Structure formats: structure tokens, C-alpha cells
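*Asks:* Structure in C-alpha cells, see below.
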């Protein structure tokens, strides 16, 4: 059973702060890692993907991957109330197999 | 990113009836599409992998005779929930993949 673990939250941060979302995975052979944002009642929206160890930045978002520790994180700088959503970590393993975490609910307080 | 559409966006039906949900890739061809189900406050659970021109691959515990999948073209996959019951009420989401998965907007099914 491939597992992806996330703290369900809620994680509350003040507007303008950095939000740090974390995810661990069980399959050491996993190659691709994704972060999705899901607003209540909506389907997930891909916001970041990362394949290599290190950091990947896209605007206010930075994905960090540490394969040795089987850990992937998402940093959101200058958090905005519109960032309030559930963030799903997804890990691809094997051929076309993707496992999703339960998601972390983020609340950005104005 | 790629665009995936779903229809209908919501449906309410009586117990025992069948409901068909369509998933379309609008700007790319998808030989493979995926069907997920999400119950409230739970994560996405993969139900089945839909393969164009061949039988779908179902995940363990998903009844293939209850959740019929047809992937007749490179841009359309359908999921039919047969003899729906209240416990089938859920948010059904399809996705298609180029290099990353792109999700459709989802279909909220309520079975009375």
C-alpha cells in the first residue's frame, strides 16, 4: 500500500505570512510529486510539480523535495485570503499510478 | 494547462436509477483517463483507469458491474453508475494526463 501522509489541519496563517505545507510518502521509488489546490466543492487544480531534489519556485509558490527523507513541501509566500483552500499532495509511482494525501486545509486570516 | 470537462456538474436521482457522467478532453487526445471519487472530508480515491479502445482497469473494491466505464474515443470517457443507491452519493471527478494529471470540474451525485 503506497501511502501519502499529510496533516489535515487546519493550518492558520496571517495574511502576508509564509504558509508551509508538508507531505511524506512511503514509496522510496516514487519519481514525480504534485501539489494541487482544492477549493470547497470544486475539483483539484494543479499548482506545482517537482521531479528533482531541491527547490522549484513559481511565483509565490516553492515546492521542495527531499527524496532521501521522502518528504515534499509547499511554501506559499505572502499568503492571501484567496489561498485559503485544501492543498493535496500527490505522488506518482509505478506506471500511471498516483496516490493522493488527505489534504491540508489552509486558512489565511486577513 | 490542458482542459478537461465533465457533464453534468451535478445530478440528483432516485435510488435504483442509472446515471451517466461524461468526461471530455477538450484540447488534447487522452488515451487514458481516470475516474476518482471523493467523499466529504476525504481524499480522492481512484476508482478506475479508462483506456481508449479497451476495458477499464478497476481498483480493488470497486464493482465493475456497478460502475461501467466506456472510453470510445480519444476525447471521451463515460462513467455510468448503475442502480444507484444513497451510499453512491459522492463527488465524482475525472482526470486526463498529458505529463501531469488535469482534473475535470467534477460531478456531484446525490441519490435519494
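*Asks:* When the Cα centres of segment B:9-33 and segment A:6-60 are compared, how far apart do they sit, in Å?
*Replies:* If we compute the Cα centre of each part, the gap is 28 Å.
*Asks:* So, one more: Averaged over peptide A:43-49, how many Cβ atoms belonging to another chain are found within 10 Å of each residue's Cβ?
*Replies:* Other-chain Cβ atoms within 10 Å of each residue's Cβ, averaged: 6.
*Asks:* For B:101-108, what's the mean count of beta carbons from other chains sitting within 10 Å of each residue's beta carbon? Intermediate results must be reported in sequence, preceding the final value.
*Replies:* Values: counts 10, 4, 7, 1, 3, 5, 1, 1.
Taking the mean over all residues of the peptide, I get 4.
*Asks:* Now for a separate question. Restricting to Cα pairs below 8 Å that are 6+ residues apart, what does the relative contact order work out to for chain A? Please round to a whole percent.
*Replies:* Working: 280 pairs, mean separation 42.2, N = 110.
Relative contact order for chain A comes out at 38 percent.
*Asks:* Then there's this: Please figure out what share of the DSSP beta bridges in chain A is antiparallel and state it in percent, rounded to the nearest 5.
*Replies:* Working: 38 of 42 bridges.
The antiparallel proportion sits near 90 percent.
*Asks:* Of A:65, A:11, how do they rank once you tally other Cβ atoms within 10 Å and put the fewest first? Walk me through the intermediate numbers first.
*Replies:* Working: A:65 19, A:11 16.
Fewest-to-most ranking of A:65, A:11: A:11, A:65.
*Asks:* Once a ≥ b ≥ c are taken as the square roots of the eigenvalues of the Cα gyration tensor of segment B:1-74, is the result rounded (a/c under 1.5), prolate (a/b larger than b/c) or oblate (a/b not larger than b/c)? Kindly include the intermediate steps, with their values, before the conclusion.
*Replies:* Values: a/c = 1.43, a/b = 1.27, b/c = 1.12.
Note, shape of segment B:1-74 comes out rounded.
*Asks:* A further question follows. Report the label-to-label distance for residue B:80 and residue A:2 in nanometres (one decimal), using points 7 Å from each Cα along the Cα→Cβ vector.
*Replies:* 3.1 nm
*Asks:* For peptide B:29-38, what's the mean number of Cβ atoms from other chains within 10 Å of each residue's Cβ? Please report the intermediate quantities before stating the final value.
*Replies:* On the way: counts 0, 0, 0, 1, 0, 2, 0, 4, 0, 5.
Neighbouring Cβ atoms belonging to other protein chains average 1 per residue here.
*Asks:* List B:45, B:33 from most exposed to least, where exposure is judged by having the fewest other Cβ atoms within 10 Å. The partial results should precede the final answer.
*Replies:* Working: B:45 16, B:33 29.
By the 10 Å Cβ count, ascending: B:45, B:33.
*Asks:* Expressed as a rounded percentage, what relative contact order does chain B have, with Cα pairs under 8 Å and six or more residues apart? Walk me through the numbers before you get to the answer.
*Replies:* Working: 280 pairs, mean separation 41.6, N = 112.
Across chain B, relative contact order equals 37 percent.
*Asks:* In addition: Among DSSP bridges having both ends in the protein assembly as shown, what percentage is antiparallel? Round to the nearest 5.
*Replies:* Working: 73 of 81 bridges.
DSSP beta bridges in the protein assembly as shown are roughly 90 percent antiparallel.
*Asks:* Would you mind pulling out the separation of the Cα centroids of segment B:66-82 and segment A:69-108, in Å?
*Replies:* Going from one Cα centre to the other spans 29 Å.
*Asks:* Here's a follow-up. For residue A:58 paired with residue B:10, estimate the spin-label separation in nm (one decimal), with each label point 7 Å from Cα along the Cα-to-Cβ line.
*Replies:* Modelled inter-label distance: 3.0 nm.
*Asks:* With label points built 7 Å along Cα→Cβ from the Cα atoms of residue A:82 and residue B:42, find their separation and express it in nm.
*Replies:* 3.3 nm
Bear in mind these aren't lab numbers, they're just calculated from the coordinates by the rules spelled out. Here the structure is a predicted model, which means the values were calculated and not measured. Note: ideal-geometry Cβ built from the backbone for every residue, glycine included; neighbour counts use all protein chains shown.
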